[in-house]
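Right, one structure below, let's go through it.
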Amino acid sequence: MKRKFKKAYTALKKIGAPVFENADMSGNFGLSAEDNHDRIWADYYREFGWPVDGIDAEVLKIADKNGLYFEWQNPGILYAYEK
């Protein structure tokens, strides 16, 4: 995993975000939108009124700080990419 991905992955793991390494992609990682038990991390259908793509603001801040963004793979998974 590239350094910027590893930094963001570690920071997200630290706050309890449901991130996972993705062997199929070229070194990036994913965020589960289905593991919203204690906190709503992401919601494809935006049922909770988030203004930016249905993704938790703290998650977006960490991604942005590391030069990354998230893109929906399907309603249950987002993947991180370089800006």
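The values are calculated or read from the model by the stated rules, or taken from the named source; none is laboratory data. This structure is a prediction, so every number in the text was calculated from the model and none was measured. No Cβ is skipped: glycine too gets one built from the backbone with ideal geometry, and neighbour counts run over all protein chains shown.
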- [ ] Please specify each residue of region 47-76 satisfying the condition of being at pLDDT below 90 and over 12 Å from the mean Cα position of the chain (by Cα).
- [x] Glu47, Phe48, Gly49, Trp50, Pro51, Val52
Task: Filter result for Ala57 (surrounded by 13 or more Cβ atoms within 10 Å (Cβ to Cβ) and of a type in the set (Gly, Ala, Ser)) - done: no
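Just checking: which of the strands (runs of 3 or more DSSP E) contained wholly in the chain hold 1 or more residues that are free of Cβ contacts under 8 Å to residues at least 40 places away in the same chain?
Details: elements: 19-21, 29-32, 68-74, 77-82.
Result: 19-21, 68-74.
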